[in-house]
Amino acid sequence: MLTTIAQAVVNGLLIGGIYALVSIGVTLIFGVVKIVNFAQGEFVMIAMYISYFLAANYGIDPLVSLAVSMPVLFVVGLLLQHFLIRRVLALGDMPQIFLTFALSLLLVNVALLLFTANYRTVQTPYSDTALQLGVLYVPTAKLIAFMVAMALSALLWVFLHATDLGKAMRAAAQNRDVAMLMGINPDRVFGVAVGVALALAGAAGSLLMPFYPAYPLVGQVFVLMAFVAVVLGTLGNVIGALIASLMMGVAESLGIQFVGADSGLIVVFVMLLLTLALRPNGLFGGWSR
Amino acid sequence: MHGLLNRDGFWVGALLATALVLPLLVSSAFATDILIRILLFAFIGVAWNLVGGYAKQLSLGHVAYFGLGAYTSTILLIRHGVSPWIGMLAGGVVAMLASLPIGALCFRLRGPYFAIATIATAQVLMLLFLKFRDFAWGAEGTTIPNLGDSPLMMQFDGKAPYYYIVLALLAVGLAITYRIEHSWMGYYLVAVGEDEDAAEAVGVDAQRIKRNVYLISAFLTALAGTFYVQYIYFIDPNTAFSFNVSVEAALVSIIGGIGTLWGPVIGTVLLEATSALLQSWLGSGHGGVQLTVYSLILIAVVLYRPTGLLGVLTDAYDGVVRARMTREKKVPLDG
């Protein structure tokens, strides 16, 4: 029994690392640009297809193609901010939600047209191996994904706290008008925020590829998780999103283990609704400090 | 008294007459099916528009009420032999009851938080219907027993009766919207939609007004759910709680003109006509084309015409009218 629980916790933590990459992106865009990106999961999907095709056509390992998907998605983020998000910034909630929502629909359906609904997987030497830690069993691919995800999160934290651009982003998140008065160029800061967020989604996609199938709707699984984690962790709070994502992963995993294979999501949604009912501002509050 | 009685009254009358004779002119079942889809989604859009359009509460979980309506009438029909006509009203009541706790939870949130919470509630309902097999057939769903031509059980041989039922539903939805639009409730709703804090500051009970309009919207959406299962003779959680229904309800209103009486109708006609044309050009089996086009239209509308396409039509109409009768000046009702 204890072993089962511990094993479920380990599995949950590992997948929670991937949720963290997606939700940190969502919370970063929300914190800095004040827009909820409903299409964040679709960028995970795009990165998965990038890694899939690089692996299928050129035999490149998904961990290597991380070096392709992250920069590509960073540039996509800059373009997204410049051509779409920038134009709805002054328009209020509704057009902003419609825009990212339409983008999500568009990307899913274009992927469906181009790649069909088939599941695509990449088999790597470490896809089916696992480490034996006492009685616990740690799948190698998920462990690597988790460690890279944590390293990237730590890098982001350093970026936000130790570089001028990162500090400018935090300043813009705290008070956009004052930050602009201090000479911070909002377009540049917003562009980088969206770019970094998409690059994190890109990392999530490539890291998933060795153990998770790519298909057009795959992003929706992750974006729903990310939304829950971002609300739990307080919108705009990077550390909050990270901790909440790990909690979500564990909750989902325990739900699957003890309530049934189809119940992971129920546990997650019930957590979301309870949080909204009891602590609408999330568990942590405030911008990451 | 303006509006329905004079110039607009002429157009509404003409539109209604056309709608009434249309099934007599259209002989193919395929075309009638498209017309039924247009009226059904226009009706769902009209119901959504009360909450999403006038009160600007972007619900992306309206399928919750569609599904509850569908399941209530089906359970009553199959387990207890109750006519779907009664089941339809019962479904509406169930949806209203469900909208109270869901609304109490979600309306504490604003903007994107509200949208996310509504998605979550609809998903939870779907997962519950998937999980509890004994209660409602689980993932396999069930077919509606075919009783032949029995109007009392809302079952008909041809498609025309279904057309008239959903036309009547749409007419009811539009009439209710018209009444609300021209009542104090309508003005309160628009005030809450524009700026909730300012509305509360001048004494509008925003929570109560949102709850009331949500009740009406949930009731109407549930009627559509019952109609839909009776029309397709099949129900399962993935159909009854399909996220696409929530999306389309919002899309048609946004594209047509959010918070306007005719916006959802215009939007549905445009989207469904586009989709039917695409299908006849490309044939079926090109999954994704329809929603690709929908989303491109939506992005274009958001960027270039955030008030929706109804505005384009009324502007053009006004241009024509102004050219003819320079004395008449239309007072725009919506911003």
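What to note about this one:
- With respect to the stated conditions, B:Ile78 is more than 30 Å from A:Phe98 (Cα to Cα), among the β-branched types (Val, Ile, Thr), surrounded by fewer than 24 Cβ atoms within 10 Å (Cβ to Cβ) and in contact (Cβ under 8 Å) with a residue 60 or more places away in the chain.
- Matching option when the condition is within 11 Å of chain A (Cβ to nearest Cβ), assigned to a helix (DSSP H, G or I) and either surrounded by fewer than 18 Cβ atoms within 10 Å (Cβ to Cβ) or more than 22 Å from the chain's Cα centre (by Cα) (or both), among B:Ala117, B:Ala139, B:Ala122: B:Ala139
- The range B:188-211 - residue that is surrounded by fewer than 16 Cβ atoms within 10 Å (Cβ to Cβ) and assigned to a helix (DSSP H, G or I) and, of those, farthest from the chain's Cα centre (by Cα): B:Ala201
- Candidates in the range B:255-284 are the residues that are within 11 Å of chain A (Cβ to nearest Cβ) and touching a residue at least 60 places away in the same chain (Cβ under 8 Å); of these, the one that is farthest from B:Val190 (Cα to Cα) is B:Ile258.
- Restricted to helices (runs of 4 or more DSSP H) entirely inside the range A:149-252, those with at least 1 residues that are without any contact (Cβ under 8 Å) to a residue 40 or more places away in the chain are A:164-174, A:176-181, A:186-208.
- Selection status of B:Ser59, within 14 Å of another protein chain (Cβ to nearest Cβ) and buried (at least 24 other Cβ atoms within 10 Å of the Cβ): yes
- You will find that of A:Ile18, A:Ile5, the residue that is surrounded by fewer than 24 Cβ atoms within 10 Å (Cβ to Cβ), closer than 20 Å to A:Met248 by Cα and not acidic (Asp, Glu) is A:Ile5 and no other.
- Residue match in the range A:69-88 (condition: on the phi < 0 side of the Ramachandran plot, facing chain B (nearest Cβ under 9 Å), without any contact (Cβ under 8 Å) to a residue 60 or more places away in the chain and outside any helix (DSSP H, G or I)): no
- Residue that is nearest to A:Ile97 (Cα to Cα), among those in the range B:285-305 that are within 9 Å of chain A (Cβ to nearest Cβ), surrounded by fewer than 17 Cβ atoms within 10 Å (Cβ to Cβ) and modelled with pLDDT under 80: B:Gly287
- Residue in the range B:86-105 that is in contact with an Asp or Glu (Cβ under 9 Å, 6 or more places away or on another chain) and part of a helix (DSSP H, G or I) present: no
- Residue, surrounded by the fewest Cβ atoms within 10 Å (Cβ to Cβ), within the range A:100-115, restricted to residues that are free of Cβ contacts under 8 Å to residues at least 40 places away in the same chain and within 8 Å of another protein chain (Cβ to nearest Cβ): A:Leu113
- Conditions (1) more than 10 Å from chain A (Cβ to nearest Cβ); (2) within 30 Å of B:Lys56 (Cβ to Cβ); (3) modelled with pLDDT of 90 or more; number of the one not met by B:Phe107: (3)
- Failed condition for A:Tyr52, given (1) touching a residue at least 60 places away in the same chain (Cβ under 8 Å); (2) over 20 Å from A:Ala20 (Cα atoms); (3) more than 10 Å from chain B (Cβ to nearest Cβ); (4) in contact with a helix residue (DSSP H, G or I) (Cβ under 7 Å, 6 or more places away or on another chain): (4)
- Filtered residues of the range A:253-275 (kept if assigned to a loop (DSSP other than H, G, I, E, B) and either surrounded by 21 or more Cβ atoms within 10 Å (Cβ to Cβ) or of a type in the set (S, T, N, Q) (or both)): A:Ser263
The values are calculated or read from the model by the stated rules, or taken from the named source; none is laboratory data. Here the structure is a predicted model, which means the values were calculated and not measured. Backbone-built Cβ (ideal geometry, glycine too); neighbour counts: all protein chains shown.
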